[in-house]
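Enquirer: Please read through the structure below; I'll follow up with questions.
The values are calculated or read from the model by the stated rules, or taken from the named source; none is laboratory data. Note that the coordinates shown come from a computational prediction; the quantities given were computed from them, not determined experimentally. Cβ placement follows ideal geometry from the backbone for every residue including glycine, while neighbour counts extend to all protein chains displayed. Side chains included, ligands, DNA and RNA excluded: accessible areas come from the protein's heavy atoms. Shrake-Rupley method; radii C 1.70, N 1.55, O 1.52, S 1.80 Å.
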Amino acid sequence: MKAATLTILLSVATGIAATAQKLSLLPQIGVENSRTTVTYNNLKSFLPAGGVLTPHFGLRLDYQFKGNHGPYVAVASSRSVLSYNFSDPETGMNNYNASPADMQLRLQTGYMFSSKPIFFKKSGSSPKQSNTQQQKTEAKKNCGSYAMSSRCGKASEKAGISKVKNKSLYMRIQPSLGAAFVSSTASAINTSTSAGQTVYNYKAGNWNTAITGGVGFEFGKGKQRIFTIGINYLKGIGNLDEQTVSAVSGTKTSIAKLDSRASAWNVTAGIPITLSSKNNKPAKRHHIQNRNLNKSRCGQYKIRYSLQN
């Protein structure tokens, strides 16, 4: 299971890395609260083991398009399955033993959206004004006349002055929706013998597909992504059909119908790792090219001005 999951993740990462607008990896750690309910003979459902709180581990690979949205794939720990043991189908609702089953790995995939940065502190306007004044002064010195300073200063101001970026702490809101899969699931009903008595073991919450949804809060400063807090929900939908157990004692037949539902909440924290990004290179080259053109125009005008005098 582990080898197959890692192979799938590696194949996906290799396939999209070459064209990714932004490709990032997010290791996650936290806690998960699993709630698996059992319905016995169509009576009211109950929680045999209550809410099961366990450590949660995950690894998510995000692919983002230019608009800060895109698909993701992930592997995560899961412990929704519950072992429900009883020996008499007639009294199995009251006389039972329930315990969480072993930890599993689930594969998750879906689509995520990321909001624009929400800054905790607004950027001031003084740096921009200072930058504008400095470039106007340089234009006057380079062009050699008031008329030329006005002309070159305007061109330089349009091409050289860039918007001052806010470098304070920010937060992005990242909602997501997807599905989860478990590749192998045990049989829902197993029997064993203990002290000459048949014991029935029912695997409650034994889903193989589930729907997932959640929201992440990414915190950063400037261009640096610092950490992410995530709150996610999961609900099992596949392989949760009703199971029937029957036992014959003398001339009496006892029948038990069992059904289960599984859901889970988890809270995680992680540090995002950017693997590739193609956001800033074209704009930077264009900016430098515009500045060179402005210098060339000012230089040409200086030559013409000298010849006329």
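Enquirer: Which members of the stretch 48-71 meet the condition of being open to solvent by 30 Å² or more (accessible area, probe 1.4 Å) and within 19 Å of Thr268 (Cα to Cα)?
Expert: Gly51, Leu53, Pro55, Phe57, Leu59, Arg60
Enquirer: From the list Leu177, Leu169, which one is more than 30 Å from Asn239 (Cβ to Cβ), open to solvent by 60 Å² or more (accessible area, probe 1.4 Å) and modelled with pLDDT of 85 or more?
Expert: After ruling out the rest, the residue left standing is Leu169.
Enquirer: Enumerate the pairs (first residue in the stretch 21-37 and in contact (Cβ under 8 Å) with a residue 60 or more places away in the chain and crowded, with 21+ Cβ neighbours inside 10 Å; second residue anywhere and in a loop (DSSP other than H, G, I, E, B) and among the hydroxyl-bearing types (Ser, Thr, Tyr)) with beta-carbon separation below 8 Å, excluding pairs fewer than 6 apart on the same chain, so at least 6 apart or on different chains.
Expert: Taking only residues 6 or more apart or on different chains, the pairs are Ser34/Ser80; Thr36/Ser80.
Enquirer: In the list Asp241, Asp259, which residue meets the criterion of being open to solvent by 60 Å² or more (accessible area, probe 1.4 Å) and of a type in the set (D, E, K, R)?
Expert: Selected residue: Asp241, the only one of Asp241, Asp259 that is open to solvent by 60 Å² or more (accessible area, probe 1.4 Å) and of a type in the set (D, E, K, R).
Enquirer: Sort out for me the strands (runs of 3 or more DSSP E) sitting completely within the stretch 69-111 that have 2 or more residues that are under 17 Å from Leu23 (Cβ atoms).
Expert: Counting at least 2 such residues, we get 69-78.
Enquirer: For the subset of the stretch 104-119 comprising residues that are under 29 Å from Ser78 (Cα atoms) and among the hydrophobic types (A, V, I, L, M, F, W, C), which member is surrounded by the most Cβ atoms within 10 Å (Cβ to Cβ)?
Expert: Once the filter is applied, the top-ranked residue is Met112.
Enquirer: Scan the stretch 204-218 residue by residue and report those that are open to solvent by 40 Å² or more (accessible area, probe 1.4 Å) and not hydroxyl-bearing (Ser, Thr, Tyr).
Expert: Within the stretch 204-218, Asn208, Ile211, Val215, Phe217 meet the criteria.
Enquirer: Across the stretch 219-234, what is the number of residues that are open to solvent by 20 Å² or more (accessible area, probe 1.4 Å) and touching a residue at least 12 places away in the same chain (Cβ under 8 Å)?
Expert: Of the residues in the stretch 219-234, 10 are open to solvent by 20 Å² or more (accessible area, probe 1.4 Å) and touching a residue at least 12 places away in the same chain (Cβ under 8 Å).
Enquirer: Additional query: Which condition number in (1) surrounded by fewer than 17 Cβ atoms within 10 Å (Cβ to Cβ); (2) farther than 20 Å from Ala186 by Cβ is the one that Met93 fails?
Expert: Failing condition for Met93: (1).
Enquirer: Of everything in the stretch 38-47 that's touching a Ser or Thr at 6+ places or on another chain (Cβ under 6 Å) and not hydrophobic (A, V, I, L, M, F, W, C), which residue is surrounded by the most Cβ atoms within 10 Å (Cβ to Cβ)?
Expert: Thr39
Enquirer: Looking at the stretch 251-285, which of its residues are part of a strand (DSSP E or B), modelled with pLDDT of 85 or more and within 26 Å of Phe65 (Cβ to Cβ)?
Expert: Thr268, Ala269, Gly270, Ile273, Thr274, Leu275
Enquirer: Here's a follow-up. How do the pairs read when you match residues in the stretch 174-186 that are within 11 Å of Thr212 (Cα to Cα) with residues anywhere that are at pLDDT 95 or above and among the basic types (Lys, Arg), using Cβ under 6 Å and keeping only pairs 6 or more apart or on different chains?
Expert: Between residues of the stretch 174-186 that are within 11 Å of Thr212 (Cα to Cα) and residues that are at pLDDT 95 or above and among the basic types (Lys, Arg), the close pairs are Ala180/Arg106.
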